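Here is the structure we will look at, set down as structure tokens.
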Amino acid sequence: MCGIVGVVGNTNATDILIQGLEKLEYRGYDSAGIFVLGGAESHLVKAVGRIAELSAKTAGVEGATGIGHTRWATHGKPTEDNAHPHRSETGRFVLVHNGVIENYLEIKEEYLAGHHFKGQTDTEIAVHLIGKFAEEDGLSVLEAFKKALHIIRGSYAFALIDSENPDVIYVAKNKSPLLIGLGDGYNMVCSDAMAMIRETNQYMEIHDQELVIVKADSVQVQDYDGNRRERASYTAELDLSDIGKGTYPYYMLKEIDEQPTVMRKLIQAYTDEAGQVVVDPAIIKAVQDADRIYILAAGTSYHAGFASKKMLEELTDTPVELGISSEWGYGMPLLSQKPLFIFISQSGETADSRQVLVKANEMGIPSLTVTNVPGSTLSREANHTMLLHAGPEIAVASTKAYTAQIAALAFLAKAVGEANGNAKAQAFDLVHELSIVAQSIESTLSEKELIDSKVRDLLETTRNAFYIGRGQDYYVAMEASLKLKEISYIQCEGFAAGELKHGTIALIEDGTPVLALLSDSVLANHTRGNIQEVAARGAKVLTIAEENVAKDTDDIVLTTVHPYLSPISMVVPTQLIAYFATLHRGLDVDKPRNLAKSVTVE
Ligand code: F6R
């Protein structure tokens with residue numbers, strides 16, 4: 001989704017902005033632009049498409065202060081006119097923006113009669129509004145910005161430059177992420193620490209409805225009424241090597257391969273020296289105090305919630321309900337007496353989930369965020385956080401975050417169960433079982449050639465496909481089908497195997513690929529019955545089975561793992577299937593069309 005970078009007081013501004021935007025490419029975008037101020041000269045450069053195209057246009061663009069943006073179109077098509085930065089009526093003020101301004105049409109009508117707009121974006125209206133207050137009404141820049149912020153409704157992260165003053169970038173935020181990066185003799189602005197990690201690991205958070213005056217040698221935080229706020233800096237635990245592809249052709253493949261390491265990192269993070277599971281006692285108490293757990297999430301994280309439900313229920317003796325964040329934000333169902341909301345989010349920035357968290361906080365409902373990004377909005381605003389320790393996930397298609405989410409929740413379930421004296425929890429040797437999962441993933445990863453060869457025939461040209469499974473395998477089928485469709489564009493559904501015959505089987509015709517997941521010793525035979533039903537109607541079937549239920553005829557066989565953890569190991573071959581299918585179809589694995597890594601609009 002949209003990304004913001006900015007720098008003040010470094011003569012290398014153009015390079016810093018372009019390199020920052022390159023680091024944000026993974027988030028998904030369709031156009032980009034920079035504005036650079038050098039002495040009396042200013043340069044506004046925009047391009048539709050990749051950053052490489054923008055970069056090619058920046059020869060001779062020099063200056064010490066600038067802002068840049070990657071745009072993921074919401075209001076208006078991806079054109080140069082709609083790309084950010086946008087300028088005010090006279091061109092003096094220049095603005096980049098992430099988020100959605102809800103009342104932009106009202107603002108246009110009420111304040112901006114006679115103004116000329118180049119594109120259709122809400123952002124252009126915001127910068128015209130600031131320009132009007134400063135240039136037509138005579139307010140100082142700061143007063144004009146503040147006045148505009150009091151009027152604008154919606155989500156935003158803004159970085160504003162007055163081209164008559166190269167010494168300052170003004171920023172403000174509400175709901176959309178934005179950070180200040182602290183350099184040596186210069187300062188930066190970014191929507192994601194990853195953008196500026198080449199320059200600094202020192203950052204400062206900005207809270208909602210704060211305005212920050214960023215100069216080369218100072219950062220001043222205040223609220224919209226001008227009251228100063230103190231803010232300490234923090235060190236981002238990111239490593240440049242974490243965000244490189246190394247020798248891998250795609251981030252997705254690197255991240256799939258990292259999964260055994262992530263499992264072992266989680267063991268380290270959630271055990272003590274004696275190998276005992278350790279989770280923050282306040283989190284254990286929050287679960288113990290709840291009469292029902294509500295898991296709120298979107299997409300892959302939602303699927304990780306389903307995959308963890310049985311384990312959480314059986315080990316914590318607490319019922320677990322799942323909610324799609326984008327639905328619950330607007331219609332909260334009847335809740336139990338003592339709910340606990342668990343937000344699962346790789347990025348910690350998903351606007352749909354945040355919307356529910358804001359409501360939960362208003363209602364006084366305790367909350368826990370399970371996220372990969374420390375300091376992210378969902379982490380900051382929930383009562384508790386558990387981290388995934390998966391390292392940055394750059395590919396749009398989530399892989400290692402999904403498996404880490406289930407593993408992190410396994411530590412939670414085990415810790416609560418043990419504290420409650422739950423017999424199943426006491427018998428569940430999580431550290432040992434997770435080590436077996438890591439080994440099982442390693443052996444699947446050593447079968448890449450086999451998986452690749454199976455996929456070529458099955459998925460190279462098909463228009464649609466189905467994943468089927470029962471029990472835990474059904475939940476994996478949901479995730480497997482999302483993975484396949486989001487990067488290969490094959491229309492794919494994940495189905496409860498037994499439900500297929502109640503309608504959807506009508507779609508099976510000669511050659512339709514059906515991929516069946518078999519891990520549960522009780523349910524596998526029933527799924528095999530459903531495989532017969534689709535095969536009899538012409539489906540081309542591929543089976544993925546755990547050894548305990550495998551037959552000689554199965555295509556991909558995995559080491560058996562503990563049933564609570566089978567969604568972790570079963571998903572790995574399906575990630576590789578999505579990866580190879582996408583390669584065979586000649587598509588960009590890491591940057592699927594229309595998608596963004598971190599979805600910061602509702
Ligand atoms: C798919 C994928 C998305 C995310 C969803 C929620 O591969 O990554 O479905 O899972 O957008 O994002 P987070 O987990 O960051 O809240």
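Nothing in this text is a laboratory measurement; each read-out follows from the coordinates by a stated rule. Bear in mind that the values here come from a model prediction, so they are computed numbers and not experimental data. Cβ: placed from backbone, ideal geometry, glycine included. Neighbour counts: every protein chain shown.
Some notes on this structure:
- Couplings 3J(HN,Hα) of the range 209-215, computed from phi: 6, 10, 10, 10, 9, 9, 10 Hz, in residue order, whole Hz [Karplus 6.51 cos²θ - 1.76 cosθ + 1.60, θ = phi - 60°; x for Gly and Pro].
- Taking amide H atoms as placed 1.01 Å from N in the peptide plane, the amide H of TYR250 has no partner under 5 Å among residues 5 or more positions away or on other chains.
- For the range 446-602, the gyration tensor built on C-alpha atoms gives a rounded shape. Its axis ratio a/c (a ≥ b ≥ c) stays under 1.5.
- Taking Cα centre as origin and charging only the Cβ of basic (Lys, Arg, +1) and acidic (Asp, Glu, -1) residues, the dipole magnitude of the range 263-335 rounds to 260 debye.
- Projecting the Cα positions of SER446, THR58, ALA550 onto the charge dipole of the chain (unit charges on Cβ atoms of Lys, Arg, Asp and Glu, taken about the Cα centre) puts ALA550 furthest along the positive direction.
- Pairwise FRET efficiency - GLU313 versus THR247, Cβ, R0 = 51 Å, nearest 0.05: 0.75
- With both labels modelled 7 Å from their Cα along Cα-to-Cβ, the ASP272 to ASN420 distance reads 2.2 nm.
- Contour excess over end-to-end distance, with Cα ends at LYS501 and GLU327 and 0.36 nm allotted per residue: 59.8 nm
- Three-way shape call for the range 477-522 based on the alpha-carbon gyration tensor, with the a/c threshold at 1.5: oblate
- Gain upon complete extension [ALA535, THR461; 0.36 nm per residue less C-alpha separation]: 24.7 nm
- Ranking SER233, ILE152, MET188 by how far each Cα lies toward the positive end of the dipole of the range 3-240 (charges on Cβ) leaves ILE152 at the top.
- Of LYS254/LYS424; LYS448/LYS591; LYS57/LYS591; LYS175/LYS245; LYS132/LYS359, those spanning more than 26 Å from alpha-carbon to alpha-carbon: LYS254/LYS424; LYS175/LYS245; LYS132/LYS359
- Gyration tensor (alpha-carbon) shape descriptor, the range 3-240, a/c threshold 1.5: rounded
- Whole-Hz ³J(HN,Hα) from phi, Karplus 6.51 cos²θ - 1.76 cosθ + 1.60, for the range 581-591, glycine and proline x: 4, 5, 4, 5, 8, x, 10, 7, 4, 7, 10
- Of all beta bridges that DSSP places with both ends in the chain, some 60 percent have antiparallel geometry.
- Considering the range 518-601, its Cα convex hull presents a mean projected area of 8.2 nm².
- Couplings for the range 172-177, taken from phi via the Karplus curve 6.51 cos²θ - 1.76 cosθ + 1.60 with θ = phi - 60°, read 8, 8, 8, 6, 8, x Hz in order; Gly and Pro are left as x.
- Taking the Cα centre of the range 189-257 as origin and assigning +1 to Lys and Arg Cβ atoms and -1 to Asp and Glu Cβ atoms, the resulting dipole is close to 220 debye.
- Both numbers refer to the Cα atoms of the chain; Rg and Dmax are 25.4, 81 Å.
- Segment GLU237..ASP289, full-extension length gain: 15.5 nm, with 0.36 nm per residue of separation and the alpha-carbon distance subtracted.
- Rounded to the nearest 20, the Cβ-based charge dipole of the chain about its Cα centre (Lys and Arg +1, Asp and Glu -1) stands at 640 debye.
- Separation in nanometres of the label points that stand 7 Å from Cα toward Cβ, at SER521 and GLU509: 4.2 nm
- Positive-end extreme of charge dipole, the chain - chosen from VAL214, ASN525, ILE130 (charges on Cβ): ASN525
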